[in-house]
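Following: one structure in C-alpha cells, then a few remarks.
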Ligand code: HEC
Ligand code: HEC
C-alpha cells in the first residue's frame, strides 16, 4: 500500500542484531504506523527489572549505611586504585557478611543475603541475567556482552590465579568498565556494593559447582547416588573452594613518576614485545584484524589514545593488566618481561592519553539543578540559556563504538509553572529524517523517576514505572515531512481514495499523501498517538513500566513540547512541560523544591542508532529550586 510502510518491517534488522519493533509496540499497533521514524519510538531497549518486592525492598535493608555523600563516593570511584587497594586488606571492606556476627545478630545476616539478591535483580539482572549467566533481557543489545558470572572469566583481577578478590570486584562496581555498557555503581552505598559483591561471588560458586556436577555426570558418568556420597560431596566442595579462592596478589614494584626516558624505552618495548601487533603502531588498536574472546564474541584491542580503560588506568592497575593480561580476552599476560620493562610500558601507554580523558571516561552521577527564572527561555534565546548552569554528563554507547557521543551538556530552568531542559551534544551530521530503510534519525530522550526504589535505569519496572520525554528530529517536521524532502514520494495506491495513483503518475495533482483523506492513512484515521500532531514540536511523552511496555501517551496527555536545532556539528534540543500535570496519565508531577532521578539516551542516526542501539547515561539527580 504505502510504499514507505515497508520500512517498518525492515528497520532494525539491517544489521541482523535488533528487532526493535518487537520491543516497544504491540503487534496490532505496528500495522498503523506511519512511514517514518517508528523504529525509534520504542525507546526500548534496556529493559527494566521487575522487582519481586516492590519499593519496600530498600527500606527493609539494614540501616547499615549512613552512606557517604554521593560526591565523596564519586571521587573515590575515580581515584580508587584497584592495584594498590588490592594490597590493602580486602577483608577490611567486607564488613558485614563475612565477619562472624554475635549470635543475636544472626537473623540480620539472613535478611542481608535476601537483600543482596534483590539488589542484584533490580540493578544487574537485566544485563547479567537473573541467574547471573550473562543472558539478561537486555544482553542482546549490548556489545561487549555482559559477563557470565557462572562460567565466564573475570578480566580485572589482581591475583596470580585470576580469581578476583573482593577488592577487585569493588573496584569494578565503583568505576564500571568504560569501553562497555557496564555502568559505575558509585552512587550506591558501600553496604549495597558489599552485598552485590557477595551476590556475584555466590553466583560464581553456584556456577562452578553446577559445571563441575555436570562434568562428573557426563564425563565421569557418576550416578546421582554416587554423587551424593560423602567423599564426592567433599571433592565438589574442595573444587569449588579452589576455583573461587583468590590466589596471591601479584607484586607491583614501586614506580617512579614517568620520565621522557622511561616513556621512550617503553615505546621500544611496545614494539619488541609485540604489543604493536595488536594495538597498532600508533596505539589506536588498529594492529590486528580479527580477534575473539573466549566466548567467541569479537573484540578489539584497546585504543590507547582515547584514554578509555576498562580497568583503572592508574599505574599500579595498568601494571597488573600488562603483567597478568585480561583473562578471557586475547590480551596476554607477559611472563617474559622484567618489572622495569613493564613499568616503562605503563608510562608509555599512559603518555598516549591525558588524565582528563581518563577521568572523563567514567560514567558519573551528577547533580542538575533547575534554576528558578522569571520566564522559561525558548530554544532561540541563547543569551538567556547562557545564564543557566551547564552540567556535562557522560554517555556510553550500549553497542560499543569508539567515536560515539561522549557527553551531553544539560541545563535546566523553571519558572514555577514550566520546566525547560536544554540538552546539547556533538554530532557530526544532523540526521533529520528517516525516510529510507537505510536511514535513521537523531533523537534524544530523558527518563524520569521519583521514589525510593530507583529502578534499573533502562525502562524501570512495573513496580517503579518511569516517565519518558522524547524528542526526535523527524517528528519535528510534522507528519508529511516525507513529501517535503522527497516531493515525488507517493503511495502506489490509496485504497479508500478516489485519487489512487500509479507509480508512474507522480506529478498528477492529488497524488500527494497530504491530498489524501484521513481514511487512506490508517494511523491518522484511527487517532494513533504516534502520528505527529503538528509541525514545530518534536516532543513526545511516553509511559514505561518495565519490559516491552513503552507506550506513547494518548494525544490529550501529550504535554511535552520539544524543539531541536542542528548547527556546526552540534544538536541543541529544548524540552518543556508544565511542572504539575493533572494526573499520572500525563506523567510525573514535579514541583519547585522537588527532585527526580533522570537518565538520558542519545541516538546517532548516521551510525544507524535506533531503539536499544544508543548511548546512555546512568541515573542523574535533578533538583528544582524553590
Ligand atoms: C547495562 C548493562 C549492565 C548492567 C546494568 C550491569 N552490568 Fe556488569 N557488566 C556489563 C558488561 C557489558 C560487562 C562486560 C564488560 C567487558 O567485558 O568489556 C560487565 C561486567 C561485569 C563484571 C566483570 C568484571 C571483570 O573483571 O570481568 C562484574 C563483576 C559486573 N559486571 C558486575 C555487575 C553488577 C554487580 C551489576 C549490578 C549492580 C552490574 N554488573 C550491572 C553490563 C552491565
Ligand atoms: C594478541 C593481541 C594483543 C597483544 C599482543 C597485546 N594486547 Fe593488549 N589488549 C588486547 C585486547 C583484545 C585488549 C582488550 C580486551 C578487552 O577490552 O576486553 C587489550 C587491552 C589492553 C589494555 C587495556 C586495559 C584496560 O584496562 O582496558 C592494555 C593496557 C594493554 N592491552 C596493554 C598491552 C601491552 C603493553 C601489550 C604488550 C606487552 C599488549 N597489550 C599486547 C590484545 C592484545
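The values are calculated or read from the model by the stated rules, or taken from the named source; none is laboratory data. Being a predicted model, the structure only gives us computed values, none of them experimental. In this analysis, Cβ positions are derived from the backbone assuming ideal geometry, glycine residues included, and neighbour counts consider all displayed protein chains.
Answer yes or no as to whether residue 164 is closer than 16 Å to residue 327 by Cβ, surrounded by 22 or more Cβ atoms within 10 Å (Cβ to Cβ) and within 7 Å of ligand 1 (Cβ to nearest atom).
When the stated conditions are applied, residue 164 passes them.
Can you list the helices (runs of 4 or more DSSP H) found entirely within the stretch 138-248 that contain at least 3 residues being touching a residue at least 40 places away in the same chain (Cβ under 8 Å) and either assigned by TED's automatic domain parsing to the domain that holds residue 394 or farther than 23 Å from residue 361 by Cβ (or both)?
In the stretch 138-248, 190-218 are the helices (runs of 4 or more DSSP H) which contain 3 or more residues that are touching a residue at least 40 places away in the same chain (Cβ under 8 Å) and either assigned by TED's automatic domain parsing to the domain that holds residue 394 or farther than 23 Å from residue 361 by Cβ (or both).
Out of (1) part of a loop (DSSP other than H, G, I, E, B); (2) crowded, with 18+ Cβ neighbours inside 10 Å; (3) touching a strand residue (DSSP E or B) at 6+ places or on another chain (Cβ under 6 Å), what's the single condition that is false for residue 592?
Condition (2) is where residue 592 drops out.
Evaluate the stretch 221-232: report whether one residue or more is more than 14 Å from ligand 2 (Cβ to nearest atom) and within 29 Å of residue 394 (Cβ to Cβ).
no
Could you please find all residues in the stretch 297-340 being under 24 Å from the mean Cα position of the chain (by Cα) and at positive phi?
307, 328
Give me the pairs: first residue in the stretch 294-310 and under 22 Å from residue 184 (Cβ atoms), second residue within 6 Å of ligand 2 (Cβ to nearest atom) and assigned to a strand (DSSP E or B), beta-carbon distance under 7 Å, and six or more apart or on different chains, which are they?
Listed by first residue and then by second, the contacts come to 299/291.
Just to check your reading of the model, which residue among 289, 264 is more than 10 Å from ligand 2 (Cβ to nearest atom), assigned to a loop (DSSP other than H, G, I, E, B), more than 30 Å from residue 247 (Cα to Cα) and not assigned by TED's automatic domain parsing to the domain that holds residue 158?
It is 289.
For the stretch 430-464, what are the residues that are at pLDDT 90 or above and either touching a strand residue (DSSP E or B) at 6+ places or on another chain (Cβ under 8 Å) or outside the structural domain of residue 402 (by TED's automatic domain parsing) (or both)?
Those that are at pLDDT 90 or above and either touching a strand residue (DSSP E or B) at 6+ places or on another chain (Cβ under 8 Å) or outside the structural domain of residue 402 (by TED's automatic domain parsing) (or both): 430, 440, 441, 442, 443, 444, 445, 446, 447, 448, 449, 450.
Quick one: is residue 176 within 16 Å of ligand 2 (Cβ to nearest atom), touching a strand residue (DSSP E or B) at 6+ places or on another chain (Cβ under 9 Å) and under 19 Å from residue 328 (Cβ atoms)?
Spelling it out, residue 176 is indeed within 16 Å of ligand 2 (Cβ to nearest atom), touching a strand residue (DSSP E or B) at 6+ places or on another chain (Cβ under 9 Å) and under 19 Å from residue 328 (Cβ atoms).
Quickly run through the stretch 292-317 and pick out the residues that are under 15 Å from residue 347 (Cα atoms) and either more than 10 Å from ligand 2 (Cβ to nearest atom) or assigned by TED's automatic domain parsing to the domain that holds residue 177 (or both).
Scanning the stretch 292-317 gives 305, 307, 314, 315, 316.
Which residue, of 482, 523, 489, 514, is part of a helix (DSSP H, G or I), modelled with pLDDT under 90 and within 23 Å of residue 605 (Cα to Cα)?
482
Any residue in the stretch 162-169 that is closer than 17 Å to residue 120 by Cα and either within 16 Å of ligand 2 (Cβ to nearest atom) or modelled with pLDDT of 95 or more (or both)?
Among the residues of the stretch 162-169, at least one is closer than 17 Å to residue 120 by Cα and either within 16 Å of ligand 2 (Cβ to nearest atom) or modelled with pLDDT of 95 or more (or both), which makes the answer yes.
For residue 418, state whether it is assigned by TED's automatic domain parsing to the domain that holds residue 537, touching a residue at least 60 places away in the same chain (Cβ under 8 Å) and surrounded by fewer than 19 Cβ atoms within 10 Å (Cβ to Cβ).
yes
For the stretch 431-447, which residues satisfy the criterion of being over 21 Å from residue 141 (Cβ atoms) and surrounded by 19 or more Cβ atoms within 10 Å (Cβ to Cβ)?
Answer for the stretch 431-447, where residues must be over 21 Å from residue 141 (Cβ atoms) and surrounded by 19 or more Cβ atoms within 10 Å (Cβ to Cβ): 432, 433, 435.
Hey, which of the helices (runs of 4 or more DSSP H) in the stretch 318-429, taking only ones fully inside, have at least 1 residues that are within 16 Å of ligand 2 (Cβ to nearest atom)?
Per the criteria, 339-351, 355-360.
Being in contact (Cβ under 8 Å) with a residue 40 or more places away in the chain and surrounded by fewer than 17 Cβ atoms within 10 Å (Cβ to Cβ) is the requirement here; does residue 260 meet it?
no
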